[in-house]
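The values are calculated or read from the model by the stated rules, or taken from the named source; none is laboratory data. What you see is a predicted model, and the numbers here were worked out from it, not measured in a lab. No Cβ is skipped: glycine too gets one built from the backbone with ideal geometry, and neighbour counts run over all protein chains shown.
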Amino acid sequence: MRRYQGDASCAGPAEPAPPAGESGYTAANFTPRALAIVLGVFCVVVLAGEALAQMRSGGPSRSIVATLVAWTPLILFGPPREFGGFALNIAVSFLAMAIGTVAGLFLGIGQISLSPAVRKVSWAITQFFRNSPWLVLLFFVMLLTPFQIKIAGYTIPLPAWLKATFGLSLPVMANFAEIVRGSINSIPTSQWESAESLAFTRMQTIWRIILPQCVKRMTPPWMNWYAILTMATPLISIVGVNDAMTLTQDALAAEQRSELLMPMYGLLLVFFFVYCYPIARWTIYLERKFAVRS
């Protein structure tokens, strides 16, 4: 008997190559035009602020460029011997995406369960967190979660960034559950019928046949949601987390110079753009590569 290779049906035609002009390298990296536009706008903002500072200055003061350079390490990595800044935003995005992906996978599978109770509960949880404002969920988690928990006599602190990570993972969980459900439903019914004819159980069919075929369908929207999550991480500054937005506001308060307002926030925008834009380009490439063609 021939050994099963991961697809219950016979192999189909070879997958067509991605469209010309969109290779993995160019899709995963900056295009010169986009990079030039972003850097050009940022330079215009800095030069305009510099000119405004020269007109308003009543005495010697540090230039805007020198000020941005001086504050960049703090905004990127946080205060000395503390974890914060933009690096904390990235860490929160990784952890929240990991938690949301694992929970969303099981929640999405629950929506196609043969049990009506499991299916309805999974659907209700998905719709609730999918249609709730992210900031409201953050406040709920921050206010309802204790500052520390005791397990077997040991006190385990729950820092604010950890609770904020869990809060952000809830909407990600719900949206990824919809991605899982849609991907599973997009698999042809012949795959289920072929698996049944080979005496696979429903659980074996899902984990060994259906989900492996769903990976390429789920990857582009999954990456898109990760980029959205990363750009939403500045919300945690509202609930007291020492992230890049909080430190940028602290730097502006310390400098007390109105002309630094746009350059400082522009620098923060550049940080997020430099991190998220390659993800967006790679997502476009994968969408074209893994597109389901009839």
The condition of being in contact (Cβ under 8 Å) with a residue 60 or more places away in the chain, in a helix (DSSP H, G or I), in contact with a Leu (Cβ under 8 Å, 6 or more places away or on another chain) and not hydroxyl-bearing (Ser, Thr, Tyr) holds, among PHE139, PHE176, only for PHE176
Looking across region 119-160 at residues that are in contact with a helix residue (DSSP H, G or I) (Cβ under 6 Å, 6 or more places away or on another chain) and of a type outside the set (Val, Ile, Thr), the single one that is farthest from LEU211 (Cα to Cα) is MET142
Condition set surrounded by 14 or more Cβ atoms within 10 Å (Cβ to Cβ) and among the charged types (D, E, K, R), scope region 117-141, selection nearest to THR233 (Cα to Cα): answer is ARG130
Exactly one of ARG217, ARG281, ARG181 is of a type in the set (Lys, Arg), surrounded by 15 or more Cβ atoms within 10 Å (Cβ to Cβ) and modelled with pLDDT of 90 or more, and that one is ARG181
Picking from THR246, THR233, the residue that is touching a Ser or Thr at 6+ places or on another chain (Cβ under 6 Å), at pLDDT 90 or above, among the β-branched types (Val, Ile, Thr) and within 15 Å of LEU74 (Cα to Cα) would be THR246
Counted residues in region 77-89 being surrounded by 17 or more Cβ atoms within 10 Å (Cβ to Cβ) and either over 20 Å from the mean Cα position of the chain (by Cα) or not polar (S, T, N, Q) (or both) come to 6
How many residues of region 101-113 are buried (at least 17 other Cβ atoms within 10 Å of the Cβ) and among the aromatic types (Phe, Trp, Tyr)? The answer is 0
Reported set for region 80-118 where residues are of a type in the set (S, T, N, Q), in contact with a helix residue (DSSP H, G or I) (Cβ under 7 Å, 6 or more places away or on another chain) and more than 18 Å from PRO159 (Cα to Cα) is THR101, GLN111, SER113
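For (1) at pLDDT 95 or above; (2) under 27 Å from the mean Cα position of the chain (by Cα); (3) loosely packed, with under 14 Cβ neighbours inside 10 Å, each residue gets a yes or a no:
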position: SER57; (1), (2), (3): no, no, yes
position: ILE99; (1), (2), (3): yes, yes, no
position: SER115; (1), (2), (3): no, no, yes
position: LEU143; (1), (2), (3): no, yes, yes
### Query
Within region 250-263, is there a residue that is crowded, with 20+ Cβ neighbours inside 10 Å, among the hydroxyl-bearing types (Ser, Thr, Tyr) and over 18 Å from ILE37 (Cβ atoms)?
no
| request: Take VAL92 and decide whether it is of a type in the set (A, V, I, L, M), surrounded by fewer than 20 Cβ atoms within 10 Å (Cβ to Cβ) and part of a helix (DSSP H, G or I). | output: no
- Query: Is it the case that some residue within region 282-293 is more than 30 Å from LEU162 (Cβ to Cβ), part of a helix (DSSP H, G or I) and over 20 Å from the mean Cα position of the chain (by Cα)?
  - Reply: yes
